[in-house]
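Nothing in this text is a laboratory measurement; each read-out follows from the coordinates by a stated rule. Computed from a predicted structure; not experimentally measured. When we count neighbours, we look across all protein chains shown, and the Cβ atoms used for this are built from the backbone with ideal geometry, even at glycine.
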């Protein structure tokens, strides 16, 4: 069975002429992406310093004028001897630019250093620790925008989600898996 519906059958199959409008919308989206902001200059980076021992900055994010729809790109820093709070979110990719330390990811401890890359599975508690004498800096990629787009699609199609989506509360003193 073929799932392809020829254009001359769209109106018959779907009951309306929505596909030309969707084509125009698609062209508008592509044009908006082509006209998107293309660069974040180093002088424009704004650090979130609410947690002074572990800072983060968004680099590529729609809230900063970029038309990205897949993932967000950011930087994080952890001062020597310090750590992030325990947290969870969508899956993440991390590349360590400077420093060394370890992360507790779920119930596993993973040691890392400059040049290493980490994968954080989705919905998994994790926390990062700096064990070195210099500030750790790492690049992170989080598909938050993709997740929001997929949630919009699921809501439009009336899909029931099998679990509740929630944000975890950070536990700054976390030293390993929960009891």
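Where the centre of each part is set by its Cα atoms, how far does the stretch 111-141 sit from the stretch 23-65, in angstrom? One Cα centre to the other: 22 Å. The distance between label points at residue 28 and residue 64 comes to 2.8 nm (points 7 Å beyond Cα on the Cα→Cβ vector).
Computed from label points 7 Å out along Cα-Cβ, the spacing between residue 110 and residue 98 is 2.3 nm.
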